[in-house]
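Have a look at the structure below, then the notes.
The values are calculated or read from the model by the stated rules, or taken from the named source; none is laboratory data. Since the structure is predicted, the reported quantities are computational estimates derived from the model, not experimental observations. Ideal geometry is used to build each Cβ from the backbone, glycine not excepted, and the neighbour counts take in all protein chains shown. All accessible areas refer to the heavy atoms of the entire protein, side chains included, with ligands and DNA or RNA removed. Shrake-Rupley method; radii C 1.70, N 1.55, O 1.52, S 1.80 Å.
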Amino acid sequence: MKIIGINGSPKGDWSQTRRLVLGVLEGARASGADVTFVDVCALKIKYCTACTTCYAKGECIHDDDMPALYEKLLDADGIVLGSPVYINSVTAQLKAMLDRMADSVHCLHFTGKYGCAVSTAGGAMAEETAEYMNSAIRMMGGTTVGVVGVNFMGNPDAIIPAEKKAKELGRKLCEAIKTNWKDPAQQKSYAERKAHMKQLVLANKDVWTHEYDHWKTMGWV
């Protein structure tokens with residue numbers, strides 16, 4: 001099993017979110033996974049311009065660190081996303097990464113992959129932000145197994161039980177991969193999303209040639 005953890009906090013070694021991402025990876029490693037940690041804020045990732053070149057060609061107009069990171073994500077069996085709460089959502093750095101993955105939304109590149117998310121907040125919205133990251137994984141075809149969110153509310157020691165939960169989440173992620181776990185509600189949502197994307201890709205097949213070819217290769221059209 002290959003598990004990749006993405007930390008979206010710009011605080012480096014001081015990041016509490018980093019501690020949770022590493023906690024998930026520690027739990028995954030204890031379950032036999034090969035883990036990789038990525039500090040997305042240390043990478044150069046330019047903003048998506050919505051040019052749709054990736055839809056047509058399967059490549060981006062930007063020359064930066066995103067293609068190499070993208071390959072790691074596509075090679076992984078499990079994906080862990082982490083971000084502190086910045087005005088009720090993820091950091092700009094993590095959002096830039098997600099926005100560059102629109103092609104994966106159309107192509108459902110995370111089909112068969114599993115994921116989870118962690119988040120920290122000084123006050124509120126940690127679990128909601130983690131769930132937003134999980135929803136991004138599901139939009140790309142993945143199955144999610146849970147979240148860990150901690151709202152410190154002036155209590156720095158709140159990270160201690162949260163780290164324990166993060167390690168448990170890592171073990172849960174690996175168990176889902178090993179057993180090919182299925183969640184009926186997510187399967188239903190995936191089928192609906194796939195039907196919608198199929199119609200979208202077919203309607204634009206003469207322009208979005210890369211995506212249409214992908215759907216044909218997968219045997220979906």
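Quick rundown of the values:
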| read-out | value |
| --- | --- |
| Residue within region 77-91 that is part of a helix (DSSP H, G or I) and open to solvent by 20 Å² or more (accessible area, probe 1.4 Å) present | no |
| Contacts under 6 angstrom Cβ, first residue in region 188-215 being within 15 Å of Gly141 (Cα to Cα), partner part of a helix (DSSP H, G or I), 6 or more apart | Met197/His106; Glu211/Tyr55; Glu211/His106; Glu211/Cys107; Glu211/Val201; His214/Cys107; Trp215/Val201 |
| Given (1) within 17 Å of Leu43 (Cβ to Cβ); (2) open to solvent by less than 40 Å² (accessible area, probe 1.4 Å), number of the condition Glu71 does not satisfy | (2) |
| Which listed residue, of Gly5, Gly27, Gly12, is open to solvent by less than 30 Å² (accessible area, probe 1.4 Å), in contact with a strand residue (DSSP E or B) (Cβ under 8 Å, 6 or more places away or on another chain) and within 21 Å of Glu131 (Cβ to Cβ) | Gly5 |
| Any hit, region 118-127, residues being at pLDDT 95 or above, assigned to a helix (DSSP H, G or I), farther than 24 Å from Asp75 by Cβ and open to solvent by less than 80 Å² (accessible area, probe 1.4 Å) | yes |
